[in-house]
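What follows is one structure encoded as structure tokens, with my remarks underneath.
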Amino acid sequence: MPTVLITGASRGIGLEFCRQYLDDGWRVVATGRDPKNSKGLTALRGDLLVQALDVGNHEAVDALAASLRRESIDVLINNAGVYGPRSSALRNLDYAGWGEVFRINSMAALKVSEAFLDHVARSGQKRIAALTSKMGSMADNRSGGSYVYRSSKAALNAVMKSLSVDLAPRGILVGILHPGWVRTDMGGPGALIDADVSVAGMRKVIAGLTPETSGAFLNYDGSPIPW
Ligand code: NDP
């Protein structure tokens, strides 16, 4: 069976990815900052390898990639993300906090993808996905504000688009996915959909990626989102 590696798997959308791929019989490498204390991960059963990983720690990313050098990773899902300081309004910006959000939301997905490139390249399915947000869309921004989160996801989009171009010759497909507005700790209770619906949709989109849709900005239902 194929193997998927998921970052930020301790809760929310990442945990749901683990659950669904395990249910389908995949081998799942679930990574999280403190996975032993994730009740959700501890309850999962199946072909599961749980590993500690803070995606902002580049040495730890390289060490995990080295320790998993015998694994092929069919699908690498860069899911870990933070909203950052909630006070992100004009004249009340936390610039230090902004840098930290960039480190996690914009830079870590590239670092993890680089570290696991060979694992993905030797797999059968050769797919890398990143969880972005429609809030990173310029065209969709009618409400302003959210400077930190919006800019971090817009930067992630630029990064993953370049990655899709650079990896095309190696046959690696890149999905840039908006999960919808999802009821998780980040999305809040008033969000529109549950994680199971979002993840079922994104799994289909990832499985259906083609050279034509690699590097496109896609909603969880597969529809395109304007940059
Ligand atoms: P949650 O806040 O519920 O979960 C975030 C996950 O990311 C947690 O597992 C958290 O781990 C992990 N994480 C945060 N920082 C790090 C780090 N440095 N290293 C490793 N893991 C880390 O968010 P969601 O599940 O809702 O979001 C998942 C992704 O989807 C994010 O990238 C988010 O931006 C994106 N998204 C979500 C939307 C929504 O409506 N929910 C909408 C649009 C995009 P820990 O438990 O250790 O904190």
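Scanning the stretch 1-60 for residues that are farther than 18 Å from Leu76 by Cβ and of a type in the set (Val, Ile, Thr) yields one hit, Thr42.
Is one or more of the residues making up the stretch 48-66 part of a helix (DSSP H, G or I) and touching an Asp or Glu at 6+ places or on another chain (Cβ under 8 Å)? Give the steps one after another, and end with the answer.
Restricting attention to the stretch 48-66, the residues satisfying the condition of being part of a helix (DSSP H, G or I) are 58-66.
Still in the list and also touching an Asp or Glu at 6+ places or on another chain (Cβ under 8 Å): 60.
Checked the stretch 48-66: at least one residue is part of a helix (DSSP H, G or I) and touching an Asp or Glu at 6+ places or on another chain (Cβ under 8 Å).
Pairing residues of the stretch 126-138 that are over 14 Å from Pro226 (Cβ atoms) with residues that are acidic (Asp, Glu), at Cβ distances under 8 Å and at least 6 apart in sequence or on separate chains, gives Lys126/Asp74; Arg127/Asp74. Applying the set (1) free of Cβ contacts under 8 Å to residues at least 40 places away in the same chain; (2) in a loop (DSSP other than H, G, I, E, B) to Met1 leaves exactly one unmet item: (1).
Residues of the stretch 191-211 that are over 22 Å from Ala109 (Cβ atoms), more than 10 Å from the ligand (Cβ to nearest atom) and assigned to a loop (DSSP other than H, G, I, E, B): Asp194 alone. Scanning the stretch 167-182 for residues that are farther than 14 Å from Glu212 by Cα, of a type outside the set (Val, Ile, Thr) and either touching a Ser or Thr at 6+ places or on another chain (Cβ under 7 Å) or more than 12 Å from the ligand (Cβ to nearest atom) (or both) yields Arg170, Leu177, His178, Pro179, Gly180.
Within the stretch 121-130, the set of residues being surrounded by fewer than 22 Cβ atoms within 10 Å (Cβ to Cβ) and of a type outside the set (Lys, Arg) comprises Ala121, Ser123, Gly124, Gln125.
Can you tell me which residue within the stretch 126-149, out of those that are aliphatic (A, V, I, L, M) and in a loop (DSSP other than H, G, I, E, B), is nearest to the chain's Cα centre (by Cα)? Checked the stretch 126-149; the qualifying residue nearest to the chain's Cα centre (by Cα) is Met138.
Would you confirm, using the coordinates I've provided, whether Lys36 is outside any loop (DSSP other than H, G, I, E, B) and free of Cβ contacts under 8 Å to residues at least 24 places away in the same chain?
Numbers: outside any loop (DSSP other than H, G, I, E, B): yes; free of Cβ contacts under 8 Å to residues at least 24 places away in the same chain: yes.
Considered against the rule, which asks whether it is outside any loop (DSSP other than H, G, I, E, B) and free of Cβ contacts under 8 Å to residues at least 24 places away in the same chain, Lys36 comes out as yes.
Taking the criterion of being away from the ligand (no atom under 14 Å from the Cβ) and either of a type outside the set (Ser, Thr, Tyr) or modelled with pLDDT of 95 or more (or both), the residues of the stretch 86-109 that qualify are Ala89, Leu90, Arg91, Asn92, Leu93, Asp94, Ala96, Trp98. Take the residues in the stretch 67-120 that are polar (S, T, N, Q) and in a helix (DSSP H, G or I), then tell me which one is surrounded by the most Cβ atoms within 10 Å (Cβ to Cβ). Selected residue: Asn105.
Of all residue pairs spaced 6 or more apart or on separate chains, those with beta-carbon atoms under 7 Å, a first member in the stretch 188-202 that is within 16 Å of Asp24 (Cα to Cα) and a second member that is within 10 Å of the ligand (Cβ to nearest atom) and not hydroxyl-bearing (Ser, Thr, Tyr) are Asp196/Glu16; Val199/Ile13; Val199/Glu16; Val199/Phe17; Met202/Leu177; Met202/Pro179.
Filter the stretch 165-185 for residues that are more than 16 Å from Asp74 (Cα to Cα), part of a helix (DSSP H, G or I) and not hydrophobic (A, V, I, L, M, F, W, C) and give the result. Spell out how you get there, then give the answer.
Just the residues of the stretch 165-185 that are more than 16 Å from Asp74 (Cα to Cα), to begin with: 165-166, 169, 176-185.
Restricting the remaining residues to those that are part of a helix (DSSP H, G or I) gives 165-166, 169.
Correct list: Asp166, Pro169.
Determine, yes or no, whether Ser123 is away from the ligand (no atom under 12 Å from the Cβ) and in a loop (DSSP other than H, G, I, E, B). Answer is yes for this residue.
Restricted to the stretch 4-60, and to residues there that are among the polar types (S, T, N, Q) and more than 9 Å from the ligand (Cβ to nearest atom), the residue that is surrounded by the fewest Cβ atoms within 10 Å (Cβ to Cβ) is Thr42.
Within the stretch 82-98, being at positive phi and not basic (Lys, Arg) holds for one residue alone: Gly84.
The values are calculated or read from the model by the stated rules, or taken from the named source; none is laboratory data. This is a predicted model, so every value here is computed, not measured. We place every Cβ from the backbone using ideal geometry, glycine too, and count neighbours over all the protein chains shown.
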